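Below is one structure; the comments refer to it alone.
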């Protein structure tokens with residue numbers, strides 16, 4: 001198991017751009033895995049047969065009744081009775097029944113870093129002997145030694161936050177449903193998506 005100082009050294013050796021690229025690649029790979037799982041779910045739903053009741057009929061019939069009133073003759077009240085009956089179940093795929101997979105998308109990612117920044121005057125000599133000087137920023141992670149020496153008040157060294165939200169399925173993945181009604185004199189075709 002690495003010690004605290006080893007972890008600090010490893011963090012100090014990671015160039016900032018490489019760390020950002022690594023986080024971005026991780027999010028992209030996570031998005032790819034989410035998409036593949038949703039597509040696999042879509043395929044499974046298209047192959048899963050379920051019984052669906054296509055219609056429920058409710059018949060309302062009059063049902064008058066008498067209400068007793070003290071000291072008077074009963075009063076006739078109009079009423080109604082509802083009788084419900086379901087059609088025979090029809091076998092269809094879960095996808096045809098309207099069950100669709102949920103697709104998720106990373107909508108934002110936030111990386112927060114707490115770094116120790118220093119400004120130093122530096123002089124550089126190029127291979128052709130040219131000298132340049134100026135001020136440069138240097139950064140290092142905040143570790144316990146730096147924190148105690150310079151009285152830094154920090155809660156953590158780094159954090160990454162990613163927000164995941166559901167999104168509609170891509171249009172090309174939603175199948176078009178063609179319904180042909182051949183019960184009437186003239187067959188009718190209904191197309192829906």
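Since every read-out is calculated from the coordinates, none of them should be taken as a lab result. Everything numeric in this text was worked out from a predicted model, so none of it was measured. Because the Cβ atoms are built from the backbone with ideal geometry, glycine has one as well, and the counts that use them run over all protein chains shown.
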* Kindly list, by first and then second residue, each pair from a residue in region 58-73 that is in contact (Cβ under 8 Å) with a residue 24 or more places away in the chain to a residue that is in a strand (DSSP E or B), limited to pairs with Cβ atoms under 8 Å and residues at least 6 apart or on different chains. => 58/82; 58/83; 58/84; 59/82; 59/83; 59/84; 59/85
* Being under 30 Å from residue 107 (Cβ atoms), surrounded by 10 or more Cβ atoms within 10 Å (Cβ to Cβ) and touching a helix residue (DSSP H, G or I) at 6+ places or on another chain (Cβ under 7 Å), is that true of even one residue in region 41-53? -> yes
